[in-house]
Amino acid sequence: MSEEINVQESASETVSQDALENVVSIKKGDTVKGTIVKIDDNQAFVSLGYKYDGVIPLRELSSVNLENASEAVQIGQEVEAKVVSINDAKESLVLSKRQIDSTRAWDDLQAKFDNGEVFEVTVADVVKGGLVADVGVRGFIPASMVERHFVEDFSGYKGRTLRVKVKEIDRENNKVILSQKEVLEAEYETQKQQIMANLQPGQVIEGTVQRLTPFGAFVDIGGIDGLVHVSEIAWTHVAHPADVVSEGQNVKVKVLKVDPSIGKISLSIKAAQPGPWESAAGQFQIGEIVTGVVKRLVSFGAFVEIAPGVEGLVHISQIAHRHIATPFEVLKEGQEVKAKVLDFNPAEKRVSLSIKETEEAPPREEREPRAERAPRGPRAPREEVNLPPAESMSFTLGEKFGDKLSKFK
């Protein structure tokens, strides 16, 4: 029996000895590999094949601020870490994944910067002035380098994947600036040149309103933007594009001009629609009484809008039955009036109107009252002129011109 016990003890010692021999030897500063076996809020546990598991504190998991360890690692994930401290007496083994990632990241980022490489990052945090991404070190994407257009609120960007390039790298100052805008701009320019090569003035295509400005609307026509000037949005006067169209709205546009040299595309929304004169064709008849609004007053008459974009002229002689010196005497801009259609020619974009023919002519004495004659004053006394007798005058003339008259005898 004692021999059996001795054999068992001997076998147990052999197993323990083998286990000790298989335990990984670790010291401070070593780089080790292991597997994540447990995750708490502020730390992750790593199995290394050592006597006990190592711990990676939250601050050592990533180069960016994390709220939870699960944001950086998952259970079953293999990781490489550096031994920060080890205390077998307390079974304390502190590791740092961040230090290993950081060391390797600088060389990798430098290579990406030199080659202009495009790569993906995940937004780890939204901070004042931009976004933060973990690229082995803390990578910062300024707000102005996130999109091609202005972004007012970045709160929805956390967790999003962006395609970026290294804009600036400074290892001594631990500074890495990333840019997604450069990637998007390069892709946009390539696509723009391809699309512009196939665009022809006069084409009518569909697009989506992307941005509105006081001077016009930018419309996406397949990945690139063209400008619809405010004067080309509608046939009627438009004070601001937002009065007619909205961002995200689908519209038909007509290509007015394509200039690849400066990358400019001019579009028109109104030109892709029937013009007001085309729409008005057949709408009005000569002799018809219509209602319109006085749009402009000039010295020779008034322009009255009888349909959107369709203005007719009321000549000054057709404004009132009485004589007027200027249209301003009886009309004002914005006034609603009734007018009779005298002539309608949509082909020549001309309408002649009359206001006075919609009104009954007043009696003649009311139209042009005669001016009262000024009372005649007393007649001035006739002045008496004493002339010499005819005989005397004849004698006198004969004497004076006698010798000259003798020549004609």
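What follows is calculated from the coordinates using simple rules that are stated; it is not laboratory data. Bear in mind the structure is a predicted one, so any value in this text is a computation, not a measurement. As a convention, Cβ positions derive from the backbone with ideal geometry for all residues, glycine included, and neighbour counts pool all protein chains shown.
Per-structure values
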item	result
Inter-site label distance for Thr358 and Asn42 at 7 Å from Cα along Cβ, in nm	8.3 nm
Neighbour net charge for Ser268 - beta-carbon separation under 9 angstrom, K R +1, D E -1	+1
Full-stretch length increase - Asp114, Lys33 - with 0.36 nm per residue and alpha-carbon distance subtracted	26.1 nm
Distance from segment 148-217 to segment 113-146 (C-alpha centre basis), Å	15 Å
Per-peptide average of other Cβ atoms within 10 Å, ordering 198-204, 78-84 highest first	78-84, 198-204
Segment 145-157 - phi-based ³J(HN,Hα) in whole Hz, Karplus 6.51/-1.76/1.60, Gly and Pro as x	10, 8, 10, 6, 10, 6, 10, 7, 10, 9, 4, x, 8
Net length gained if the chain between Lys338 and Ser70 were fully extended (0.36 nm per residue, minus Cα distance)	88.8 nm
Extension gain (nm, one decimal) between Ile195 and Arg163, 0.36 nm per residue minus Cα-Cα	9.2 nm
